[in-house]
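Colleague: Structure below; questions to follow.
The values are calculated or read from the model by the stated rules, or taken from the named source; none is laboratory data. On a predicted model such as this, the values are computed, not experimentally measured, just so you know. FYI the Cβ positions are ideal-geometry reconstructions off the backbone, even for glycines, and counts take in every protein chain you see. Just so you know, the surface numbers come from the protein's heavy atoms only, side chains and all, with ligands and any DNA or RNA stripped out. Shrake-Rupley method; radii C 1.70, N 1.55, O 1.52, S 1.80 Å.
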Amino acid sequence: VRHRTKVTKGPGSRAAGLAMAFKLIESAQARWRAVNGAHLVALVRAGATFIDGKLVERPEEASVSTAA
């Protein structure tokens, strides 16, 4: 086994860096799980509050019931 004597500092060029990032993301994509709550994505983006996976429609009432 031959040891590397010259250490590289980065990908070399911008194109090589983009290609490396693309290939890493492409290989990681095979292990990602699918979103099984696609209909809830719009609610999350709108700022909806979820507690234990359930939508909380009135956050002020939920905090009162958990404090009591």
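Colleague: Could you please find all residues in the range 45-68 being open to solvent by 100 Å² or more (accessible area, probe 1.4 Å) and either polar (S, T, N, Q) or at pLDDT 85 or above (or both)?
Modeller: Those that are open to solvent by 100 Å² or more (accessible area, probe 1.4 Å) and either polar (S, T, N, Q) or at pLDDT 85 or above (or both): ARG45, ASP52, LYS54, THR66.
Colleague: Give the residue, chosen from ALA34, ALA42, that is at pLDDT 85 or above, exposed (fewer than 10 other Cβ atoms within 10 Å of the Cβ) and either part of a loop (DSSP other than H, G, I, E, B) or within 17 Å of the chain's Cα centre (by Cα) (or both). Give the derivation first.
Modeller: Details: ALA34 fails: at pLDDT 85 or above.
Of ALA34, ALA42, the one residue that is at pLDDT 85 or above, exposed (fewer than 10 other Cβ atoms within 10 Å of the Cβ) and either part of a loop (DSSP other than H, G, I, E, B) or within 17 Å of the chain's Cα centre (by Cα) (or both) is ALA42.
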